[in-house]
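Novice: Handing you this structure, nothing more for now.
The values are calculated or read from the model by the stated rules, or taken from the named source; none is laboratory data. The structure presented is a predicted model; accordingly, all values stated were derived computationally and were not measured. We place every Cβ from the backbone using ideal geometry, glycine too, and count neighbours over all the protein chains shown. Areas reflect the complete protein model, heavy atoms only, side chains present, ligands, DNA and RNA absent. Shrake-Rupley method; radii C 1.70, N 1.55, O 1.52, S 1.80 Å.
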Amino acid sequence: MTPAEKNKLIKYVLAKESEFVSTSTSTNAEDYRRSMVLHSFPEFSELMVNRIKAILPDVLKSLNIPSFPLGEIEAQLTMHNDNNFYKLHNDSGSPDTASRFFTYVYYFYREPKGFSGGELQIYDSKIENNFYVADKTFRTVEPRNNSIVFFLSRYMHEVLRVSCPSKAFADSRFTINGWVRKAN
């Protein structure tokens, strides 16, 4: 995003603090994910989806992945504050998420940064018993302000624990993350 768009997004998020709700997982496993989500943010979800559509051909080319028929592009806005995390998972492991092909994570936060941690760890994956599982090797992605990362939704990944000493909402690690689905 342009610096002006990112600043507008931060102001928007801070004004919507009371609308954030606790996240959940499809398995409802306890102590597996700790963060907050804003489900409706039409002004910025539309902007993000349009940007994803615009850059997707270049992303596919740079990753040497053939183009595919584009389905829905989903977006959610998440907040990680002190002691928040998301344990090892993938984004396409259930029947309702099976058509997710790419995951994207766009990072943004106030400067100076009020948190540490919150790295995205993406594991090299292997197939065992017809399921993708994490291998021992991985890449760690630092949450850099106004940056985006793409990876295959089937890859196992996790958000490492965040430390936010002030515990202030405004000092959180924010993302617009989502999924690019293949059309049926």
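Novice: Could you give every pair whose Cβ atoms fall below 7 Å, whose first residue belongs to the stretch 153-168 and is at pLDDT 95 or above, and whose second residue is in a strand (DSSP E or B) and of a type in the set (Gly, Ala, Ser), counting only separations of at least 6 or pairs across chains?
Specialist: Matching pairs, first to second residue: LEU160/GLY117; ARG161/GLY117; VAL162/GLY117; SER163/SER116; SER163/GLY117.
Novice: Taking into account only those residues within the stretch 79-97 that are hydrophobic (A, V, I, L, M, F, W, C) and farther than 20 Å from ILE148 by Cβ, which is surrounded by the most Cβ atoms within 10 Å (Cβ to Cβ)?
Specialist: Going residue by residue through the stretch 79-97, those that are hydrophobic (A, V, I, L, M, F, W, C) are 79, 85, 88.
Still in the running and farther than 20 Å from ILE148 by Cβ: 85, 88.
On the way: PHE85: 17, LEU88: 13.
Only one residue tops the list, namely PHE85.
Novice: So in the stretch 92-120, with the set limited to residues that are charged (D, E, K, R), within 27 Å of PHE131 (Cβ to Cβ) and at pLDDT 95 or above, which one is nearest to the chain's Cα centre (by Cα)?
Specialist: Top of the filtered list is GLU119.
Novice: Might you let me know whether the stretch 98-107 holds any residue that is touching a residue at least 40 places away in the same chain (Cβ under 8 Å), open to solvent by less than 70 Å² (accessible area, probe 1.4 Å), part of a loop (DSSP other than H, G, I, E, B) and touching a helix residue (DSSP H, G or I) at 6+ places or on another chain (Cβ under 8 Å)? Quick ask: steps written out before the conclusion?
Specialist: Filtering the stretch 98-107 down to residues touching a residue at least 40 places away in the same chain (Cβ under 8 Å) leaves 99-107.
From what's left, open to solvent by less than 70 Å² (accessible area, probe 1.4 Å): 99-107.
Next cut, part of a loop (DSSP other than H, G, I, E, B) only: 99.
Filter once more, keeping what is touching a helix residue (DSSP H, G or I) at 6+ places or on another chain (Cβ under 8 Å): none.
Scanning the stretch 98-107, I find no residue that is touching a residue at least 40 places away in the same chain (Cβ under 8 Å), open to solvent by less than 70 Å² (accessible area, probe 1.4 Å), part of a loop (DSSP other than H, G, I, E, B) and touching a helix residue (DSSP H, G or I) at 6+ places or on another chain (Cβ under 8 Å), so the answer is no.
Novice: If you don't mind, there's one more thing I want to ask. Given (1) of a type outside the set (Gly, Ala, Ser); (2) open to solvent by less than 40 Å² (accessible area, probe 1.4 Å); (3) in contact with a Cys (Cβ under 8 Å, 6 or more places away or on another chain), where does LEU9 come up short, assuming only one miss?
Specialist: Checking LEU9 against (1) of a type outside the set (Gly, Ala, Ser); (2) open to solvent by less than 40 Å² (accessible area, probe 1.4 Å); (3) in contact with a Cys (Cβ under 8 Å, 6 or more places away or on another chain), the one that fails is (3).
Novice: Residues SER92, SER67: which one is in contact (Cβ under 8 Å) with a residue 24 or more places away in the chain, of a type in the set (Ser, Thr, Tyr), over 28 Å from LYS8 (Cα atoms) and not in a strand (DSSP E or B)?
Specialist: SER92
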